[in-house]
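The values are calculated or read from the model by the stated rules, or taken from the named source; none is laboratory data. Remember, it's a predicted structure, so these values are computed and weren't measured experimentally. All Cβ positions, even for glycine, are placed from backbone atoms using ideal geometry, and neighbour counts span all protein chains on display. Areas reflect the complete protein model, heavy atoms only, side chains present, ligands, DNA and RNA absent. Shrake-Rupley method; radii C 1.70, N 1.55, O 1.52, S 1.80 Å.
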Amino acid sequence: MKNEMSIGKKPVDGETGAGKAGVGGRKASKRKAPAHGAAPATTYEALVNTITAAYPRLSERYQQVGRFVTQNPNVIALESINAIAGRCGMHPSILVRFAQNFGYSGFKELQLIFQDRLATAAPGFQERINALETELKKNVEPGFLGYLRNQVVRDIATLQTLLETVSEESLQHAAVHLRNAEIIYVAGHHRSEPIALFAHYVLTMLRRRVILLNAPGGLATEVASTMTSRDVLIAIAFRHYAKEVVTIAENAAANGTPVVAITDSQLSPLSKDASVLFTVPEEEYSFARSLAAPMSLVQTIATALASLLQQDESKTSTPAPAAAGKAVSRRS
């Protein structure tokens, strides 16, 4: 692979050249002005928000780095720039220029943001996996059962992370949208299809009108075109984001249909159109997506909806105070 910091090479895709900064930016003496015009973020949350806002305008390579950086904060904090670049499939110089694009002197300065987060945050995904593996290895024999152990370890870690990332407000908003909708549309293709099927099942059991957008003959997009502002769309997509689901979500937003998005990152193409956004953690480059966390999330949203429906039912079945008073007077 060619060194993209070669002297005299013109930066591409609007990327800022690394100049004389070495790997990690250790030799840089001046902080470059960020391409987006704002001061560089000083906290992890601010940095993620900055990357998310700038994401649509970034080059394809920067978008790839941005996705990895925001989805793997502990890797960024703990590993060397060469190791991180290998995981991203990029040359280290791309990481340096990515950092400079957001106002840092080099990658090392950006990395400090992630290290500060790690020093104050709860145990991350990989730390949970390591701890759980150590505990479970005491009681599990090697062999095929080890595959089950590994899957369970990752599921537990993902569920713990999900518990920390989903807010009361998001669940409330999602449940309200589903309660008020005339029709609930559900879109999830490829490896997200089992989650969509489960959502369709559990919401139908709550006696809601639900349409699963997996129409035969490739007509899902056409069926989705009937959505209105009185309906709601549940859109489910993870890396590498089914194009048809993304298109359906974009069309829904354009028609004023609320979108409840279940995806893996704030940088997902579903996030920009989401009325309610749920990000479910996923281990990078795993063989197959675990369904434990998204299935639990869908079941929780359905339970929240059932709670609202029950409250509505109890209100309509309880007599008004005036009526109740008249009933008492008649009995007396």
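Odds and ends about this structure:
- Residue pairs whose Cβ atoms lie under 8 Å apart, separated by 6 or more positions or on different chains, with the first residue in region 142-160 and of a type in the set (Lys, Arg) and the second open to solvent by less than 50 Å² (accessible area, probe 1.4 Å) and in a helix (DSSP H, G or I), are Arg149/Glu133; Arg154/Ile129.
- One residue alone among Val210, Val223 is free of Cβ contacts under 8 Å to residues at least 40 places away in the same chain and touching a Ser or Thr at 6+ places or on another chain (Cβ under 9 Å), and that residue is Val210.
- Considering (1) at pLDDT 90 or above; (2) open to solvent by 30 Å² or more (accessible area, probe 1.4 Å); (3) out of contact with any Gly (no Cβ under 6 Å at 6 or more places or on another chain), the lone condition that Gly8 does not fulfil carries the number (1).
- Within region 81-116, the set of residues being free of Cβ contacts under 8 Å to residues at least 40 places away in the same chain and open to solvent by 10 Å² or more (accessible area, probe 1.4 Å) comprises Ala83, Gly86, Gly89, Met90, Leu112, Gln115.
- Residues (open to solvent by less than 40 Å² (accessible area, probe 1.4 Å) and in a loop (DSSP other than H, G, I, E, B)) located in region 192-227: Leu213, Ala215, Met227
- Selected residue (criterion: modelled with the highest pLDDT) from residues of region 133-153 that are part of a loop (DSSP other than H, G, I, E, B) and surrounded by 10 or more Cβ atoms within 10 Å (Cβ to Cβ): Lys137
- Residues located in region 232-273, provided they are assigned to a loop (DSSP other than H, G, I, E, B), at pLDDT 90 or above and open to solvent by 30 Å² or more (accessible area, probe 1.4 Å): Asn255, Gly256
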